[in-house]
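Everything below concerns the one structure shown next.
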Amino acid sequence: MVMRASSRRDRKWVRAALALVVLLPLPGGSVHADCLCGTAADDLTAERAGLEREWLVQIPFDASTATLEHVVVNRDLVVAQAGDGNVVAVQAGEQRAGAPLPGTILWKHPLDAQTSPFQPAAIGAEIVAVSHGDGIHAFDRKTGQALWSSRFGLLADAGATVSGPWVYAPFGDGKIMRLPTNPHRQSAAVDGAATTKDAAPPKKQAATKKGRAGTPKPESLEPLSLDAGGVVSQQPQPFNGGVLWCTNDGTLVLIDRSEDDWQRNEFYLDRPPAGRPLVHDGAIFAATAEGDLVRIDSLDIAGGGLRLTWRVFLDARPEGTLFTAGDKLVVSLGDDGIAVFSTKTGEQLGRTWRHGRIVAVAAGRIWLVDRVGRLVSIDLDTGEKRDQFCLGGFTFPVVNQATDRLILASPSGALVSLKAK
């Protein structure tokens, strides 16, 4: 009788211990173990699929009053933004000597939750810039220290981008605002854009080749308004030390450096873009709403310029974001499946009729969320289905064009990174 009573007590203690394990929070917040079971975020499930869970963190914010709004992925930094105004930076990428461990929450900075909209953050070499309401805020990339903020009286149309020592942000009325990443540095001849109040129209290509070096002109550190050439509702992006953006009617605008000045060049897609153009390996890839897929390269002549390298006419309308993996370009065709093309020639390399919202290309697979809310992987080479997972609580879509990681997130702020084993 004593032995049986002892066994019952032991079983009660075991059950209590198991309940405690399930409810124990991870460092930085509470991620419940029962939320992971059967999802790609579970260690054993990920391992069976040839993946390794790098890290799992809880983004610190008040999940009872707000949800996750943006997750921006960079090579070694992930920035999460919540609806309560918190901007949170997480160390990512490969582990490096002297650097924090991947998955470490580096800093958190609150912004005014009553001011909207919140636009996706821009991650630069030294700063993180966030367009928020009618202004832009800059934080030190490593420490999160607030460096500066500027207001323009117009709401941000899209997120900012950081290119060299400049921040570029669309702010209403067909304008791109340019600001220095460090407004306190000495004004000097630095990388920048046009120095007039409104950028000049595109210059004609010069017939001569590069070779003569000019004297760089000093750049003003005052905020500068650039003519966007149309309405811009997509985040600009760095390109060859300059900046690239695309208007809603399909005009690609590039501001880049010549020998002694900065040039503005434009390329006309002639149709509205089907999502944000992709910059990869020094080239621009863009799809239009009417089914064009193009590769555009810059001209290596004085005055710069953009040239069409190849054009493909798709047999269905593209949908969503473009992705690359090595020399392969992945295009979602909505309900008509997915097509893979050569980045070099535009030749179609593969096609599958499986469809869904693509979120990443990682570990030799195309990762998508299908129409019934499952996470599915498609073999990049064969187009065959490889894996299928339930999403569990990880229903916040994180689109990652920047790295070879699969990033999952929940609206309440659980964030996980997976890579190939």
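The values are calculated or read from the model by the stated rules, or taken from the named source; none is laboratory data. All values derive from a computational prediction rather than experimental measurement. With ideal geometry, Cβ positions are generated from the backbone for all residues, glycine too; neighbour counts draw on all protein chains shown.
Observations on the model:
- Candidate set from the stretch 306-335 (those that are β-branched (Val, Ile, Thr) and closer than 18 Å to LEU406 by Cα); member that is surrounded by the most Cβ atoms within 10 Å (Cβ to Cβ): VAL331
- Summed over the stretch 313-337, residues that are in a strand (DSSP E or B) and under 15 Å from ALA289 (Cβ atoms) total 3.
- Residue among GLY164, GLY214, GLY250, GLY174 that is closer than 26 Å to ALA289 by Cα and modelled with pLDDT under 95: GLY174
- Filtering ILE255, ILE338 for residues that are within 29 Å of ASP370 (Cα to Cα) and surrounded by 16 or more Cβ atoms within 10 Å (Cβ to Cβ) leaves a single hit, ILE338.
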